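Any read-out appearing in this document is the output of simple, stated calculations on the displayed coordinates, not a laboratory observation. Since the structure is predicted, the reported quantities are computational estimates derived from the model, not experimental observations. Neighbour counts run over all protein chains shown; Cβ positions are idealised from the backbone, glycine included.
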Amino acid sequence: MKKPMRVAVTGAAGQIGYSLLFRIASGEMLGKDQPVILQLLEIPDEKAQKALKGVMMELDDCAFPLLQSMVGTSDANVAFKDVDVALLVGARPRGPGMERKDLLEANGAIFVPQGKAIGEVASRDVKVLVVGNPANTNALIAMKAAKGLKPSQFTAMMRLDHNRALTQVAQKTGKAVTDVKKMSIWGNHSATQYPDVFHAEVAGKNAAQTINDQAWIEGTFIPTVQKRGAAIIDARGLSSAASAANAAIDHVRDWVLGSSEWVSMGVPSDGSYGIPEGIIFGYPCTTANGQYTIVKGIEHNDFAKAKIAATQKELEEERAAIAHLLK
Ligand code: NAD
Ligand code: LMR
């Protein structure tokens, strides 16, 4: 029997939490032979704590063989103690008509104390995924607040956008999603993100050439992926939850266990592709041995360069808006 891995999930009584926890406990994230201990954080509010207890009762009632134990708490130092993986989901979701950056002030402040606690009590090898929006800038805030850890341990979720893009291309070309490879989402998890179909492949051939429809790429594919979160909010009256949880599972699974595919991850910029250090930027990555590596050597045309510059600018503006939280 493997040593259990400790997984912290914040916002555990929320709608993403409800889709996420059962899949983690069933082994879909870390492996079917990997026992887990769940450390669940919610706000102290009585209703939230009661709802969290209810979710934990349901987890108990699944009798998951891999779920070794769990704790529910409103104390970040308890939730993050010795964790190997931290999923920072808890935050306020946007409603109709809001942009994700409208959440900056409300949610930014959550990530300072949580980052600090992670720096103080988590495993020195902890892998952090920020899901709560605006995810890239919240990840930057947590990364800066966490002392003693490497920036590369902090990531933001671009995988939902990546998965959305895979399906759009598969549906357009009449192929299976598994035929679509080398997808990449650049920049911010926002309406400025750049989903790149020019370097993607469908059934071994260049995706843009296979699609052969520049108007669809510019006028349908890119805006559909960029604005899918708003379209879900409009349709459901609530922001995406099951698909977001699914993307979080994919992101962490591939980071921890490796993948043979390119995956899109928001990671600290390191100068790659001219993006200076200091923001959390979506890049195509490969993963192996518990590490990710930004895919190098992609040549962008002027269209792509302009899109990437726009999303970089937005991330720099978000950073400027919360500069007071980055001390
Ligand atoms: P929700 O409102 O259903 O749940 C959020 C939960 O977080 C609530 O139970 C709340 O009590 C809790 N919470 C708030 N502040 C907290 C704190 N400081 N510590 C611990 N828990 C806290 O929202 P949801 O639908 O689960 O969405 C959560 C976040 O994920 C939102 O910010 C949403 O915009 C974001 N999201 C991101 C992506 C992505 O692709 N990155 C996709 C979907 C949703
Ligand atoms: C999404 O992309 O579905 C989430 O980020 C929720 C949102 O606010 O769009």
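Odds and ends about this structure:
- Where only alpha carbons of the range 114-220 are counted, the Rg and the Dmax (Å): 17.5, 52
- Candidate aspartates and glutamates for bridging to K227, where Cα separation is under 18 Å - those fewer than 8 sequence places away on the same chain excluded: E99, D102, D161, D196, E218, E314
- Extension gain for the segment D61 to R23, taken as residue separation times 0.36 nm less the Cα-Cα distance, is 12.3 nm to one decimal.
- Based on alpha carbons, the Rg and Dmax found for the range 214-327 are 16.1, 45 Å.
- Shape class of the range 270-317 from the Cα gyration tensor (axes a ≥ b ≥ c, square roots of the eigenvalues): oblate, since a/c reaches 1.5 or more and a/b does not exceed b/c.
- Size of the range 5-156: Rg and Dmax of its alpha carbons, in Å, are 14.7, 44.
- Rough spin-label spacing in nm, given labels placed 7 Å along Cα→Cβ, for A170 and A323: 4.4 nm
- A simple charge model with +1 on the Cβ of Lys and Arg, -1 on the Cβ of Asp and Glu and nothing else charged puts the dipole of the chain at about 240 debye relative to its Cα centre.
- Multiplying the residue separation of L257 and D33 by 0.36 nm and removing their Cα-Cα distance gives an extension gain of 79.4 nm.
- Candidate lysines for bridging to K47, where Cα separation is under 28 Å - those fewer than 8 sequence places away on the same chain excluded: K81, K101, K116
- Between N301 and D213, full extension at 0.36 nm per residue minus the direct alpha carbon distance yields a gain of 30.0 nm.
- Here's the list of aspartates and glutamates a cross-link from K3 could span, going by alpha-carbon distance under 14 Å and ignoring same-chain residues fewer than 8 apart: D33, D82, D84.
- Calculated from backbone phi, Karplus (6.51, -1.76, 1.60) coupling profile of the range 248-264 in Hz, x at Gly/Pro: 5, 4, 4, 4, 6, 4, 5, 5, 7, 9, x, 8, 8, 9, 5, 10, 9
- Most positive-pole-ward Cα, P276, N133, T311, against dipole of the chain from beta carbon charges: P276
- When the Cα atoms of the chain are aligned to their principal axes, the ranges along those axes come out at 53, 43, 39 Å in descending order.
- Helix 159-173 vs. the chain, principal-axis angle (Cα, 0 to 90°, nearest 10): 40 degrees
- Protection proxy ranking of 266-272, 281-287 - average other beta-carbon atoms within 10 Å, highest first: 281-287, 266-272
- Between helix 104-121 and the chain there is an angle of about 60 degrees, using the helix long axis and the longest principal axis of the Cα atoms.
- Centroid-to-centroid separation of the range 151-210 and the range 244-295 [C-alpha atoms, Å]: 13 Å
- Electrostatic bookkeeping for A146 treats Lys and Arg as +1 and Asp and Glu as -1; over the other residues with beta carbon under 10 Å from its beta carbon, the sum is +3.
- Beta bridges from DSSP with both residues in the chain: antiparallel share about 50 percent, rounded to the nearest 5.
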